[in-house]
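The values are calculated or read from the model by the stated rules, or taken from the named source; none is laboratory data. Computed from a predicted structure; not experimentally measured. Methodologically, a virtual Cβ is constructed for each residue, glycine included, from the backbone with ideal geometry; neighbour enumeration extends over all protein chains shown.
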Amino acid sequence: MGYFPMVLHSTLNATAEGFDWITLGRNIINGFSFGSIYALFALGLVLIHKSSDVVNFGHGEMAMFFSYIGLSLMGLLLGVNISKPAAELPSQLGWEVFLPALLGTLLFAALMGLGIERFLLRPLAKASVLSQVMVTIGIGTLLYGLASWLWKAEPRAYPRIEAVSGPPFQLGELALTREDLTFLSVAIVMASGLFLFFRYTMVGIALRAIAQNPFAARLMGINVGRLNGLAWAMALMLAALAGMLAAPKLQLEPGMMADVAVKSFAAAVLGGINSLSGALLGGLLIGIIDNLAGFYLPDGLRATIAFLIIVAVLTIKPHGLLGKPLPKKV
């Protein structure tokens with residue numbers, strides 16, 4: 001018997017011996033928790049691709065950088081200089097600190113999105129999409145280095161929101177934390193809001209037109225540059241929100257979003273790279289699948305699940321579960 005069949009055989013035996021429905025339910029609930037983060041992250045990716053046809057490969061580093069900005073604003077409000085390695089904030093913070101820091105971070109993210117589109121991507125509007133993708137990779141690399149320089153690379157804890165850190169809700173033998181429920185609610189609200197925005201508002205319809213045919217959109221009087229800037233601003237605000245929600249579950253350090261970014265890309269591909277509802281569905285499915293794989297499969301196989309999903313979906317259903325092919329008119 002070869003190596004891989006032996007691994008599969010032993011894994012299935014171990015899974016069958018240790019299987020019970022309560023454990024399965026707990027893993028699914030935990031999967032929803034991280035799946036909500038993947039969904040928020042994937043929404044930003046889909047938003048940029050839906051409006052400009054560009055995939056932002058620097059999205060993870062941007063979310064990480066915004067998490068540091070949020071922590072710095074919290075420290076500023078509390079009189080703590082978090083650039084010092086020994087500086088620590090309380091493990092939980094109230095809305096009077098977290099909310100102003102979140103709003104300040106969202107504003108910073110929006111301005112960065114506008115700046116990236118205006119000064120780095122708009123000059124490349126007539127270049128290939130690959131050229132624009134390379135710019136996003138360069139921005140991500142720059143932000144990684146900048147974060148390592150400004151805040152050092154030592155992992156540190158990120159404060160949780162006190163209001164959502166109470167006792168969990170009991171569902172029989174299962175428990176759903178207030179934090180997990182908050183993340184899931186935020187992801188659903190954001191996905192629903194963006195879906196309605198693209199479907200029923202003039203600005204959303206114009207953004208869809210730009211993605212399909214920028215030249216025709218200009219002829220119709222649409223300000224392509226301004227609307228692309230708006231899309232980038234909205235997408236980076238989603239990245240900031242996802243980063244600040246994910247940071248308490250992870251240790252804050254420059255590489256913290258690498259794994260999240262890979263799984264969020266898988267979520268966007270699984271749901272459909274041009275589908276906002278697909279990003280939500282894909283994020284939740286990836287979260288559940290990844291959590292189940294981490295519990296029932298050997299550690300070495302868990303890291304490959306997201307990549308296998310990307311390959312399988314692109315092979316069988318290239319447009320994802322809810323994505324639709326968009327004809328390009330020239």
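Numbers for the structure displayed
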{"read-out": "Residues satisfying the stated conditions in segment 246-259, i.e. surrounded by 24 or more Cβ atoms within 10 Å (Cβ to Cβ) and under 20 Å from I29 (Cβ atoms)", "value": "A246"}
{"read-out": "Residue that is modelled with the highest pLDDT [pool: residues in segment 142-189 that are loosely packed, with under 13 Cβ neighbours inside 10 Å and either of a type in the set (F, W, Y) or outside any loop (DSSP other than H, G, I, E, B) (or both)]", "value": "G145"}
{"read-out": "Hits in segment 190-230 - residues which are under 27 Å from V129 (Cα atoms), modelled with pLDDT of 85 or more and among the polar types (S, T, N, Q)", "value": "T201, N223, N228"}
{"read-out": "Segment 238-260, subset assigned to a helix (DSSP H, G or I) and of a type in the set (G, A, S), residue farthest from A110 (Cα to Cα)", "value": "A258"}
{"read-out": "Hits in segment 60-86 (condition: within 17 Å of A157 (Cβ to Cβ), surrounded by fewer than 18 Cβ atoms within 10 Å (Cβ to Cβ) and without any contact (Cβ under 8 Å) to a residue 60 or more places away in the chain)", "value": "L78, V80, N81, K84, A86"}
{"read-out": "Residues within segment 208-231 that are under 24 Å from S275 (Cβ atoms) and assigned to a helix (DSSP H, G or I), tallied", "value": "14"}
{"read-out": "Among (1) modelled with pLDDT under 95; (2) under 23 Å from the mean Cα position of the chain (by Cα); (3) surrounded by 15 or more Cβ atoms within 10 Å (Cβ to Cβ), the one test that L89 misses", "value": "(2)"}
{"read-out": "Number of positions in segment 262-283 that are outside any loop (DSSP other than H, G, I, E, B) and surrounded by fewer than 23 Cβ atoms within 10 Å (Cβ to Cβ)", "value": "3"}
{"read-out": "Among (1) under 30 Å from K152 (Cβ atoms); (2) among the small types (G, A, S); (3) surrounded by fewer than 24 Cβ atoms within 10 Å (Cβ to Cβ) - the single one G243 does not satisfy", "value": "(3)"}
{"read-out": "Positions within segment 302-311 being in contact (Cβ under 8 Å) with a residue 24 or more places away in the chain and surrounded by 15 or more Cβ atoms within 10 Å (Cβ to Cβ), in sequence order", "value": "A306, I309, I310"}
